[in-house]
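Please read the structure below before turning to the comments.
The values are calculated or read from the model by the stated rules, or taken from the named source; none is laboratory data. Quick caveat, the model's predicted, so the values are computed rather than measured. Note that each Cβ is placed from the backbone with ideal geometry, even for glycine, and that neighbours are counted across all protein chains shown.
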Amino acid sequence: MSTSENPASVQHPITTVILAGGLGTRIGGAKGLQPLHGRALIDWVLDIVSKQSDEVLINVNGAHDAYVRFGHRIIADRTPGWAGPLAGLQSAMHYARHDWIACVPCDTPYLPDDLLVRLFAAVQTGATDAAAAVAAGRRQPAIALYHRRVLPGLDAYLGSGGRKVTDWQNTLRLSEVLFDNAHAFANINSQDELTQANRMTADNLASMTCSAGAPIAAKGK
């Protein structure tokens, strides 16, 4: 894409990985393929992040063929044993073409259309390794932007058995970016939540997006 088409490329090329590698036991199977208003959940996420990214990867374990139709490279976890979202991020950092890597879950169909631009703005000082979204006073640990230089530490953390995203993030020089509308970060984890989301109108879905405030102070080391 040209820079006029892609806001992220005005600042720096960004690879985004959509995390769809979980078992999806609560929702009845591959979460990213569950239907929301006639489209797969991951399709809604792709609509948002593909406009802000220079490369998109999809992290999938065990359902590779079902995701091929979305037209982006499929990557599996490098760490075995269903190690969680950090394993998907780890794989993306090994395979990404670009040094800045964002991650988002496949079950967040309402993400802001300026998400990556705002996260990247928070790392412009050069004193931070990563930026994470904050909504309703809570960090959204699975929605963040990282520089590839954090990969050796992530490899070590996963290799030692670490799995908690927030615990690892707290070892980084991390900025947090406040978003005004917590609904934009709502995820769909169960069939009940999916049924409720399918009852919403298209106008309701469009209104879920939000814009961010200024970055709040960097935290971590």
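Points to keep in mind about this one:
- Flag if D99 is acidic (D, E) and surrounded by fewer than 22 Cβ atoms within 10 Å (Cβ to Cβ): yes
- The set of residues in region 12-26 being at pLDDT below 85, surrounded by fewer than 21 Cβ atoms within 10 Å (Cβ to Cβ) and either under 27 Å from V117 (Cα atoms) or hydrophobic (A, V, I, L, M, F, W, C) (or both) consists of L23 alone.
- Per the listing L116, L154, L145, the residue uniquely in a helix (DSSP H, G or I) and under 28 Å from Q34 (Cα atoms) is L116.
- Residues within region 53-62 that are at pLDDT below 95 and more than 16 Å from D107 (Cα to Cα), tallied: 1
- Looking across region 160-187 at every residue that is touching a residue at least 24 places away in the same chain (Cβ under 8 Å) and assigned to a helix (DSSP H, G or I), the one that is surrounded by the fewest Cβ atoms within 10 Å (Cβ to Cβ) is identified as T166.
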